[in-house]
Amino acid sequence: MKTSTLKPGVLVGLKTTLSGGVNYQHNDIEADHSDGDGGRVAKWETTRQIENEQEYERAVVARSAARIAITRVCHATSFGLLCPTEREPQLLAAITESRRIAQEFNATSARTNIGVYVLVGRIASDDVEAARAINAEVRDMIAEMKLGINLADAEHIREAASKAKQIAGMLSAEVAGKVGEAITEARAAARIITSKVEKAGEDAAAVVKTLNTEKLTAAHFAVLDLDPAAESQPVDAAGRDLDFTQERALS
C-alpha cells in the first residue's frame, strides 16, 4: 500500500444546532394501515410555528456563518471534513471564530440558541485505512469525470472535478499534482463539450473521440491500492470505520 499518497491531518466532526423559537405540531390524518396490496399507508400533517420571524432568520444566517467559518479551511469528503496538518492553526482560529459568532447571536436572542460542537481525529501519513479510503474516493471522482466525458455531460464533469479538487488537498504533493492535472484536463474537456456539443450542436460521439484523457488515467493509477497482501486480508462483513486513536475536542 502506497501510504505516502496521504498527507497527515485531522478528520473534523462538525455539528451546529439551532434550538428554540420554533414549534411543530404533528396531526395524524390517517393511521398506519395495510393498503391491501402488501404495503402500508399513513397520512399526517405537520404545522410549524415560528415565534419571532426576524430572530429566527438571524439565527439561520448566524448558524450558516458559524459553519462556513470552519468548512472553508477544510476539504469536504464523504467521510467528513478533512484538514491537513499545516492548516491546523487556521482550523483553531476558525473554531474560535465559529463559537464567537454563536455566542454573539445567543447574547442578543430571546428565544433561539445556536450551538457549535467540534471533534477531531488525527490522521497520520502512514495510516493505511485512511489512505485506502481517501484514495478510493479520489478514484471514484476520476471515474465520474471520465463518465461525464463519455456521456458528453459538461455539468457532470464539473461537479466531479470540484469534488476531486476538495479531496486532493489531503494527498501528498506528488499525487495531488497528478490529480490536479487530471482535473485541468477534465475541465478543458467540459469546455469543449459545452462549446461544440451544447452550443454548436456537433455530434457528441465525434467530439468525445477527440478528447484527451491521458492525465485522468495517470491520476487513477497514482491512487491505486497496489498492496496484494492488503487485498487478501479477511474483511469484516460489517465494514470498518477509520481508526482515529487521538480523537479529542478542540477548545
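Ranked for footprinting exposure by Cβ neighbours inside 10 Å, fewest first, 112, 184 give 184, 112.
Which value, in Å³ per residue, describes the convex hull spanned by the Cα atoms of region 1-59?
Numbers: hull volume 12.2 nm³, N = 59.
For region 1-59, the hull spanned by Cα atoms encloses 207 Å³ per residue.
In terms of other Cβ atoms within 10 Å, 108, 16, 85 run from fewest to most in the order 108, 85, 16. Beyond 22 Å between alpha-carbons counts as too far, so tell me which of 7/165; 163/209; 178/199; 163/215 fall in that bin. The answer is 163/209; 178/199. Axis angle, to the nearest 10 degrees, between helix 154-168 and the longest C-alpha principal axis of the chain: 80 degrees.
Between helix 53-71 and the chain, what is the angle of the helix's C-alpha long axis to the longest principal axis, kept within 0 to 90° and rounded to the nearest 10? Approximately 30 degrees, to the nearest 10. The structure shown yields Cα extents along the principal axes in Å, and of the options (1) 64, 41, 30; (2) 78, 36, 30; (3) 59, 50, 43 that calculated value carries the label (3). The chymotrypsin sites (Phe, Trp or Tyr not before Pro) found in region 8-63 include none that occupy coil by DSSP while having at most 10 further C-beta atoms within 10 Å.
Rg ratio for region 128-232: its Cα radius of gyration over 2.2 N^0.38 Å, N being its residue count, equals 1.14. Helix 128-150: angle to the longest alpha-carbon principal axis of the chain, degrees 0 to 90, nearest 10? Here the helix axis deviates by roughly 70 degrees.
Here the chain is scanned for trypsin sites (Lys or Arg not before Pro) in DSSP loops (not H, G, I, E, B) that have at most 12 other Cβ atoms within 10 Å, and the longest stretch holding none of them is 73-239. Indicate the gyration tensor shape class of region 21-152 (rounded, prolate or oblate), computed on the Cα atoms with a ≥ b ≥ c the square roots of the eigenvalues: a/c under 1.5 is rounded; otherwise a/b larger than b/c is prolate and the rest oblate. Oblate shape, in that a/c is at least 1.5 and b/c is the bigger or equal ratio.
Values in this text are rule-based calculations from the coordinates and carry no lab data. Not measured: the values here are computed from a predicted model. As a convention, Cβ positions derive from the backbone with ideal geometry for all residues, glycine included, and neighbour counts pool all protein chains shown.
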